[in-house]
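The values are calculated or read from the model by the stated rules, or taken from the named source; none is laboratory data. Nothing here was measured: the structure is a model prediction, and the numbers come from that model. So basically every Cβ, Gly included, is an ideal-geometry build from the backbone, and we count neighbours across all protein chains shown.
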Amino acid sequence: MSKSSPRIVICGAGMAGISAAYHLVVKHQQKNVVIIDELSPLSLTSDKGTQAYRNWWPGPDDTMVKFINRSIDLIEELATESNNCFNLNRRGYLFLTADPNRVDTWRKSAVEISQLGVGLLREHTDSKTYLPTTITGFDKNLSGADLILEPEIITKNYPFLTKDIVAALHIRRAGWMNSVYLGHWLKEQILQQGAEILLDKLESVKVTNNSISSIKLSSGKSLSADILVIAVGPYLKATGNLLGLDLPVFNELHGKITFPDSANTFSAEAPLMIWDDPLYLPWNEIEQKLFAQDPNKEWLLKEFPSGVHLRPKGDKANLELMVIWTYKNKTQEEFSPVSFDPYYGEILIRGLSRMIPRLSCYFGQSNKAYIDGGYYCKTPENRPLIGPLGVKGAYVIGALSGYGIMASQAAGELIAAHITESKLPDYAPKFLLERYEDPNYQALVKTINSLTGQL
């Protein structure tokens with residue numbers, strides 16, 4: 001059996017593990033760092049979402065806003081350093097509604113979130129005061145949100161939208177990137193500094209006197225390590241069990257579809273758009289009768305929740321639409337192969353047509369959509385686990401839910417600070433496993449849930 005002795009072993013080569021390695025190796029000059037993963041880097045869940053980011057996060061305190069703002073700061077630094085090789089933009093998130101009653105709800109929520117540190121809330125009834133989407137690059141001065149109360153402003157800038165829209169809320173420190181390009185750029189930096197990536201699987205962990213002493217891989221290789229960093233995404237529950245820990249996490253299935261917009265129903269220059277009203281799917285009379293007669297399909301006739309959203313991918317000549325809508329919350333403790341409802345693609349296209357009517361030309365063509373997805377690993381209050389665990393030398397960077405890309409750099413910076421005993425930010429205690437033993441935190445948890453901050 002082969003034997004080697006790296007000081008730090010990172011289990012998981014997704015965005016969390018790669019970011020942790022980057023901050024340890026490049027920023028803190030740590031030596032003898034090995035990343036292990038049975039899959040190719042960034043291939044399990046890191047490439048499955050919209051690869052978007054936003055600092056727009058509800059309370060009850062400013063913890064998540066500070067955390068995400070810091071991460072966006074770091075992502076912007078990486079974009080500058082890499083000549084923006086991962087195409088970071090600042091197009092924003094545009095929430096849309098046809099319900100006049102939603103405006104007051106938005107305003108109240110936006111004022112509260114603004115006070116947490118996301119930037120100012122601005123209201124617009126005149127097109128002269130509203131700055132439309134910035135197509136390329138990332139203007140660091142764009143922050144806060146624009147509440148647009150004149151429908152003509154909205155339809156003038158985004159003419160493909162339904163004409164019964166009454167208001168829009170444009171979140172400005174938001175946009176997307178190519179997270180795979182970012183991840184591979186980070187990977188190259190750590191490899192240049194001498195880190196190693198092994199295609200292998202963690203099989204067991206040897207703990208001696210409550211300290212990590214070695215790990216065994218499925219190949220038979222044994223690695224001695226002072227520090228084990230668990231960055232395994234949806235495998236967090238099972239990996240915690242190897243250490244005798246029952247981590248308070250679960251997995252929630254999320255999917256997305258990508259399909260070519262051959263009919264030019266959308267715009268390659270649009271922001272990420274979210275329909276914020278509940279809706280009914282537009283089935284024809286024959287479909288409605290068939291579904292009504294089938295107990296397993298009648299749910300397709302019921303009201304669906306708000307939240308269907310999309311963004312463009314590619315340029316005008318090669319435009320694709322990326323669409324996500326979690327209309328059902330399917331949760332489980334352990335990881336299992338991903339599968340989706342056979343109607344999933346059709347549901348997303350039809351739901352989206354409420355916002356973009358011309359998408360009706362794609363009804364019945366969901367077979368042209370590519371469907372993929374993955375699991376959000378979450379805590380009960382949808383905040384991450386970052387820091388030391390109960391076993392000496394064991395650390396976790398996980399439960400990053402659906403915000404793993406946008407939070408990756410602050411999360412990597414934070415776990416590196418824990419390991420190197422550097423100064424910690426003031427939000428660090430809120431992400432420790434031991435927070436659940438704090439009565440004050442327990443009281444806070446009762447005011448939020450696993451859907452807090454999720455779109």
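Hey, does segment 281-291 have a residue that's under 22 Å from N367 (Cβ atoms) and among the aromatic types (F, W, Y)?
So far as segment 281-291 goes, yes, one or more of its residues are under 22 Å from N367 (Cβ atoms) and among the aromatic types (F, W, Y).
Note down all Cβ pairs under 6 Å where the first residue falls in segment 172-194 and is under 18 Å from A16 (Cβ atoms), the second is aromatic (F, W, Y) and in a loop (DSSP other than H, G, I, E, B), and they're at least six residues apart or on different chains.
That search, which allows pairs on different chains as well, returns M177/F86; N178/F86; Y181/F86; L182/F86.
When you look at I153, is it free of Cβ contacts under 8 Å to residues at least 40 places away in the same chain, in contact with a helix residue (DSSP H, G or I) (Cβ under 6 Å, 6 or more places away or on another chain), crowded, with 16+ Cβ neighbours inside 10 Å and of a type outside the set (S, T, N, Q), yes or no? Steps first, please.
Working: free of Cβ contacts under 8 Å to residues at least 40 places away in the same chain: yes; in contact with a helix residue (DSSP H, G or I) (Cβ under 6 Å, 6 or more places away or on another chain): yes; crowded, with 16+ Cβ neighbours inside 10 Å: yes; of a type outside the set (S, T, N, Q): yes.
So I153 passes the test.
Please tell me if A292 is surrounded by fewer than 16 Cβ atoms within 10 Å (Cβ to Cβ), in the same structural domain as I165 (by TED's automatic domain parsing), modelled with pLDDT of 95 or more and over 30 Å from I154 (Cβ atoms).
Yes: the conditions hold for A292.
Quick check on my filter: what residues within segment 90-106 are part of a loop (DSSP other than H, G, I, E, B), buried (at least 22 other Cβ atoms within 10 Å of the Cβ) and of a type outside the set (D, E, K, R)? If you could, list the steps in order and put the result at the bottom.
Kept after step one, since they are part of a loop (DSSP other than H, G, I, E, B), are these residues of segment 90-106: 90-92, 98-101.
Checking which are buried (at least 22 other Cβ atoms within 10 Å of the Cβ) leaves us with 90-92.
Within segment 90-106, just G92 meets the criteria.
Hydrophobic (A, V, I, L, M, F, W, C) and over 23 Å from the mean Cα position of the chain (by Cα): is that true of L424 in this structure?
yes
Based on this model, can you work out whether E413 counts as farther than 30 Å from I72 by Cβ and either part of a loop (DSSP other than H, G, I, E, B) or among the acidic types (D, E) (or both)?
Spelling it out, it is not the case that E413 is farther than 30 Å from I72 by Cβ and either part of a loop (DSSP other than H, G, I, E, B) or among the acidic types (D, E) (or both).
Assess whether K330 counts as being in contact with a strand residue (DSSP E or B) (Cβ under 7 Å, 6 or more places away or on another chain), assigned by TED's automatic domain parsing to the domain that holds V308, over 30 Å from F250 (Cα atoms) and surrounded by fewer than 16 Cβ atoms within 10 Å (Cβ to Cβ).
No: the conditions fail for K330.
Please count how many residues of segment 429-444 are farther than 19 Å from I68 by Cβ and not hydroxyl-bearing (S, T, Y).
Here the count works out to 8.
Applying the selection to segment 4-43, what residues are more than 22 Å from I75 (Cβ to Cβ) and either over 26 Å from the mean Cα position of the chain (by Cα) or assigned to a loop (DSSP other than H, G, I, E, B) (or both)? If you could, list the steps in order and put the result at the bottom.
Our first condition is that a residue be more than 22 Å from I75 (Cβ to Cβ); within segment 4-43, this holds for 4-9, 11, 31-32, 34, 36-40.
If the condition is that a residue be more than 22 Å from I75 (Cβ to Cβ) and either over 26 Å from the mean Cα position of the chain (by Cα) or assigned to a loop (DSSP other than H, G, I, E, B) (or both), then S4, S5, P6, R7, I8, K31, N32, E38, L39, S40 are the ones that fit.
Identify, please: which residue in segment 39-56 is at pLDDT 95 or above and either of a type in the set (G, A, S) or surrounded by fewer than 23 Cβ atoms within 10 Å (Cβ to Cβ) (or both) and is, among those, nearest to T105 (Cα to Cα)?
Among those residues, the one meeting the criterion is R54.
Is it true that some residue in segment 131-145 is surrounded by fewer than 19 Cβ atoms within 10 Å (Cβ to Cβ), over 25 Å from the mean Cα position of the chain (by Cα) and not assigned by TED's automatic domain parsing to the domain that holds S408?
For segment 131-145, residues surrounded by fewer than 19 Cβ atoms within 10 Å (Cβ to Cβ), over 25 Å from the mean Cα position of the chain (by Cα) and not assigned by TED's automatic domain parsing to the domain that holds S408: present.
Does I419 qualify as being of a type in the set (V, I, T), in contact with a helix residue (DSSP H, G or I) (Cβ under 9 Å, 6 or more places away or on another chain), more than 21 Å from L245 (Cβ to Cβ) and in contact (Cβ under 8 Å) with a residue 12 or more places away in the chain?
Taking the combined requirement at face value, the residue does not satisfy it.
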